Ligand code: HEM
């Protein structure tokens, strides 16, 4: 019998394993590396790998984790061939926010739910989302200021929220959009909470209250969508069926949609922020991407045109490498196991590290350099290892929104570069904070010029 299965109320208490045999620092077991990891996760990782090797123990956020470094560990854990790594138990700390979401399910239960969700990501449905996005992105970008400095990071967050209200939920009523967005922002903020219990007056406490408020809104929306239908994402989840023609219960729809919104929002805004950061400081790259877009037929971006955007795609891929939205992830070991000669007892929490792997100089030479040509067929640095480049994860839990996000990113970049020329002052080059998702600490000040005016401006 499989040791993996979703635990409906997460009641299984895993043993707290003895990990003294795993190399790692001895001091401060509770605080451990929390502060250095929160401030500099990549530096802390390289430092510990240099001291202890590819398997080491680290205490962060009040728990002791075993970090499995390198691309082989990504392959081993993501592909989970022995079916012993549980996503639900590994990510238990986030259960108050995301329980019931796809990433918080395991094995057969996960597979059954994922198959239903797949219906909302079929090509004809994605084509329709693109159509919805094109118009809305154009409308929202027309509101952006030109000829003066603006902070791109908060602006793209706001735009993505408003776009999500339309494409994900089909909402029109501004009061409803504002209420849902406000609750959503509280819920996202809770993902970076240092205190992981939903106590009153804490970030996590506010996040859990926000989840409750969102659930109430989603329940009302289900009733409306079941009555009248719609072509937005939420409507697709309401009608999604398994092979036996069964749809999800209202509670399942709510849980899945709640997780999906978070999974989609932060990652896409992060990727777009990193792309704009790169384009703003490299005029040649910016003009080359614009030239590629100029070869597309005039008018809204069509589904068939997406594939023609080769350079845009490589810039996107490089942005996902350089500032990957999900640099670390966790699993729990559900049966005694071995990895690289180390015993991992049942109950061990492991961390795998796609972000640091993508910044390894042996895989991607000069990893700090933003270089979209890494992915050209003659260099193919991403092909050195199956998991050299894995911003979308892998195995059963590989990102289900991979194509959706690519469409959204390309739709935005096409509308944006058709409209604006983009510049950034040297003194505004940002520092980045990497977790929970990468963000430029100064908000990324840039200036946009309308294209016709851009010819005369700088
Ligand atoms: C640039 C954008 C995105 C990135 C980099 C990204 C990254 C990831 C990663 C790394 C995972 C696996 C996490 C793990 O195994 O621990 C994941 C899972 C997931 N993502 Fe994304 N994501 C993106 C956009 C989206 C979008 C737009 C959606 C939805 C529309 C989405 C929905 C999901 C869902 C539902 C899962 C869980 C899949 C499962 O457990 O089977 N993601 N994503």
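The values are calculated or read from the model by the stated rules, or taken from the named source; none is laboratory data. Keep in mind it's a predicted model, so treat the numbers as computed, not measured. Positions of Cβ are backbone-derived with ideal geometry, glycine not excepted, and every protein chain shown enters the neighbour counts.
Could you tell me whether any residue of segment 418-427 is closer than 18 Å to residue 322 by Cβ, in contact with a helix residue (DSSP H, G or I) (Cβ under 6 Å, 6 or more places away or on another chain) and away from the ligand (no atom under 16 Å from the Cβ)?
Checking segment 418-427: at least one residue is closer than 18 Å to residue 322 by Cβ, in contact with a helix residue (DSSP H, G or I) (Cβ under 6 Å, 6 or more places away or on another chain) and away from the ligand (no atom under 16 Å from the Cβ).
Of the residues that sit in segment 27-40 and are under 15 Å from residue 66 (Cβ atoms) and touching a helix residue (DSSP H, G or I) at 6+ places or on another chain (Cβ under 7 Å), which one is modelled with the highest pLDDT?
Among those that are under 15 Å from residue 66 (Cβ atoms) and touching a helix residue (DSSP H, G or I) at 6+ places or on another chain (Cβ under 7 Å), it is 37.
Taking residue 51 and the conditions (1) in a helix (DSSP H, G or I); (2) free of Cβ contacts under 8 Å to residues at least 60 places away in the same chain; (3) within 24 Å of residue 204 (Cα to Cα), which numbered condition does it fall short on, given that it satisfies the others?
(3)
Which pairs turn up if I take residues in segment 174-193 that are free of Cβ contacts under 8 Å to residues at least 24 places away in the same chain and look for partners that are outside any loop (DSSP other than H, G, I, E, B) with beta carbon separation below 6 Å, at least 6 apart in sequence or on another chain?
Final answer for the pair search is 177/165; 181/161; 189/203; 193/203; 193/204.
Of all the residues that make up segment 327-347, how many are within 21 Å of residue 38 (Cα to Cα) and touching a helix residue (DSSP H, G or I) at 6+ places or on another chain (Cβ under 7 Å)?
Qualifying residue count, segment 327-347: 4.
From the list 272, 279, 296, 285, which residue is modelled with pLDDT of 90 or more and under 20 Å from the mean Cα position of the chain (by Cα)?
Every option except 272 fails the conditions.
Any chance segment 60-72 includes a residue that's within 14 Å of the ligand (Cβ to nearest atom), assigned to a helix (DSSP H, G or I) and either surrounded by fewer than 21 Cβ atoms within 10 Å (Cβ to Cβ) or under 19 Å from the mean Cα position of the chain (by Cα) (or both)?
No.
Looking at this structure, is residue 143 in contact (Cβ under 8 Å) with a residue 40 or more places away in the chain, at negative phi and surrounded by fewer than 15 Cβ atoms within 10 Å (Cβ to Cβ)?
So residue 143 fails the test.
For segment 273-315, name all the residues that are buried (at least 22 other Cβ atoms within 10 Å of the Cβ), over 30 Å from residue 95 (Cβ atoms) and within 16 Å of the ligand (Cβ to nearest atom).
Matches in segment 273-315: 275, 276, 277, 309, 312, 315.
Which one is modelled with the highest pLDDT, of the residues in segment 193-216 that are under 19 Å from residue 258 (Cβ atoms) and in a loop (DSSP other than H, G, I, E, B)?
198
Looking only at segment 239-250, decide whether some residue is in contact with a strand residue (DSSP E or B) (Cβ under 8 Å, 6 or more places away or on another chain), within 16 Å of residue 167 (Cβ to Cβ) and within 16 Å of the ligand (Cβ to nearest atom).
no
Taking segment 41-67, which residues are at pLDDT below 90 and out of contact with any strand residue (DSSP E or B) (no Cβ under 7 Å at 6 or more places or on another chain)?
59, 60, 61, 62
Residues in segment 42-59 that are buried (at least 21 other Cβ atoms within 10 Å of the Cβ) and closer than 29 Å to residue 208 by Cα: how many?
The number of residues fulfilling the criteria is 1.
Being in contact with a strand residue (DSSP E or B) (Cβ under 9 Å, 6 or more places away or on another chain) and either buried (at least 21 other Cβ atoms within 10 Å of the Cβ) or not in a helix (DSSP H, G or I) (or both) is true for just one of 330, 319. Which residue is that?
330
Are any residues in segment 1-26 closer than 14 Å to residue 348 by Cβ and either modelled with pLDDT under 80 or outside any loop (DSSP other than H, G, I, E, B) (or both), and if so, which ones?
3
So which residues in segment 102-116 are crowded, with 18+ Cβ neighbours inside 10 Å and either more than 10 Å from the ligand (Cβ to nearest atom) or within 17 Å of residue 235 (Cα to Cα) (or both)?
107, 113, 116
Name every residue in segment 379-417 that is more than 12 Å from the ligand (Cβ to nearest atom), part of a helix (DSSP H, G or I) and over 23 Å from residue 303 (Cβ atoms), in order of residue number.
Matches in segment 379-417: 381, 382, 383.
Does residue 374 meet the test of being touching a helix residue (DSSP H, G or I) at 6+ places or on another chain (Cβ under 8 Å), part of a helix (DSSP H, G or I) and under 26 Å from residue 167 (Cα atoms)?
no
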